[in-house]
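Just below is one structure, and these are the notes that go with it.
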Amino acid sequence: MPKITYIEYDGEEHVVEASEGSTVMQTAVDNGVPGIDGDCGGFCSCATCHVYVEPAWIDKVGPPNDDEAAMLDYAGNIRDNSRLGCQITITEELDGLVVRTPESQH
């Protein structure tokens, strides 16, 4: 199973195993990772799963699609590496993925 590392704004790390086909958001919610709520259930309509993808992973994760980019406007504190966790599907290639949660979500 791929492992995902979530780093809170204060540096606290949570390493969790993720099921392939799940999402960064669902894996966080299922494992009680603080700072990722997923209020909309993963339908790209709330931005409560905003994460910053570590630079080494940007190419593997890929850019947001148009709908995600539009929803990110509501998240605040957007950076070039901002993504919605509900839109990042876990694959074996993402084993070791590292994402950070914004302070505004805590």
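What follows is calculated from the coordinates using simple rules that are stated; it is not laboratory data. Here the structure is a predicted model, which is why all the values come from computation and not from measurement. Cβ: placed from backbone, ideal geometry, glycine included. Neighbour counts: every protein chain shown.
Structural remarks
- Sequence of LEU97, LEU72 once ranked by neighbouring C-beta atoms within 10 Å, starting from the fewest: LEU72, LEU97
- In a simple Cβ point-charge model (Lys, Arg +1; Asp, Glu -1; nothing else charged), the chain has a dipole of about 80 debye relative to its Cα centre.
- Where only DSSP H runs of four or more residues are counted, the chain gives -4000 deg cm²/dmol as its mean residue ellipticity at 222 nm, each run worth -39500 (n - 2.57).
- Derived from the Cα gyration tensor, the three semi-axes of the equivalent ellipsoid of segment 3-105 are 17, 15, 14 Å, largest first.
- Sorting 88-95, 57-64 by their mean Cβ neighbour count within 10 Å, with the most densely packed peptide first, gives 88-95, 57-64.
- Cβ-to-Cβ counts within 10 Å put MET71, MET1 in ascending order as MET1, MET71, the fewest first.
- Rel. contact order, % - alpha carbon contacts under 8 angstrom, at least six apart, segment 3-105: 42 percent
- Panel order for TYR6, TYR52, by other beta carbons found within 10 Å of each beta carbon, from fewest to most: TYR52, TYR6.
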